[in-house]
1. My understanding is that a pair violates if its Cα-Cα distance is over 19 Å; which of Lys76/Lys105; Lys16/Lys105; Lys7/Lys113 do that in this structure?
2. Among Lys12, Lys231, Lys69, which one shows the biggest mean-square fluctuation in a GNM of the chain, springs joining Cα atoms closer than 10 Å?
3. From the P(r) of segment 5-97, could you give the percentage of C-alpha pairs in the tail past 19 Å?
4. With point charges of +1 on the Cβ of Lys and Arg and -1 on the Cβ of Asp and Glu, referenced to the Cα centre of the chain, which listed residue (Ser2, Gly137, Pro228) lies farthest in the positive direction of the dipole?
5. Could you sort the peptides 41-50, 240-249, 105-114 by per-residue average Cβ neighbour count (10 Å cutoff), highest mean leading?
6. Tell me the angle of helix 5-14 to the major Cα principal axis of the chain, expressed in degrees between 0 and 90 and rounded to the nearest ten.
7. Please work out the ratio of the alpha-carbon Rg of the chain to 2.2 N^0.38 Å and round it to two decimals.
8. From Cα pairs below 8 angstrom and at least 6 apart in sequence, can you work out the relative contact order of the chain, rounded to a whole percent?
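What follows is calculated from the coordinates using simple rules that are stated; it is not laboratory data. Given the structure is predicted, the values throughout are model-derived calculations rather than measurements. Here the Cβ positions follow ideal geometry from the backbone for every residue, glycine too, while neighbour counts run over all protein chains shown.
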Amino acid sequence: MSVTPPKLSQWKQQGKRIVALTAWDYAIAQILDRAGVDVILVGDSLAMVALGYDTTLPLTLEETLHHAKAVCRGVKDALVVVDLPFLTYQESPQQALHSAGRVLKETGAGGVKIEGGYPEMAQTVVRLVRAGIPVMGHVGLTPQSVRQVGYRQQGKTEADRDRILSEAIALECAGAFAIVLEHIPADFAATITSKLSIPTIGIGAGSHCDGQILVTHDLLGLSDKQPPFAKVYANLRQTITQAVDEYSREVRDRSF
């Protein structure tokens, strides 16, 4: 049975944990879906992992749509959520509506994700939700703000905690169906999770969130650089290298 935003809220009430991972192509999306992953995020991290950029900022909406279409073709049961790239939703609610509308119309995804929870962004969420577009929020470390905050952990000071908590509550009130909490202290993530009625999905935020997400390339050991909070479950970079080395040797010595 397909995963939906209301089902995620139901799972929070039941205490059922949410499993989320990222995908940017048909093959990986199909594998994750068949493995029973609940939420598949077409994250803007594809800019760095799949396209070779230094940050997520250069990613365009057209590039995102291209990858999201491939992912959705590989998924039958998971909820596919698509990141809106930098400057495709921040200018105005109308711009966000146009970008998010294209995602749902052209890819078949089940929702979009946007970063930040300041008042203007909460108003944007209201506009999207009223138009029938499911929205996932994202607070804490927001990679699209890298030029402003870097990649350091957020929520270390009382002022930062008050701001992030207020943003999370504002996003819930605006109609977001879930919120990603990225790279914040575990105790603070637990506090946010207890205060919200919608699910929290953590990445580098401890084990007390309602679900967890990792970049799939990090999980599989394919990334060149691992974030400090990622856990590597396989070393496919080494496996692939060994396979290519063996293939190359056999070609060169004419045994293949």
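1. On the way: Lys76/Lys105 17 Å; Lys16/Lys105 30 Å; Lys7/Lys113 17 Å.
From Lys76/Lys105; Lys16/Lys105; Lys7/Lys113, over 19 Å: Lys16/Lys105.
2. Largest GNM mean-square fluctuation: Lys231.
3. Working: 1975 of 4278 pairs.
Looking at segment 5-97, the distances longer than 19 Å represent 46 percent of pairs.
4. Ser2
5. The most tightly packed comes first, giving 41-50, 105-114, 240-249.
6. 80 degrees
7. Values: Rg = 18.6 Å, N = 256, 2.2 N^0.38 = 18.1 Å.
The chain yields a ratio of 1.03.
8. Working: 488 pairs, mean separation 41.5, N = 256.
RCO, the chain: 16 percent.
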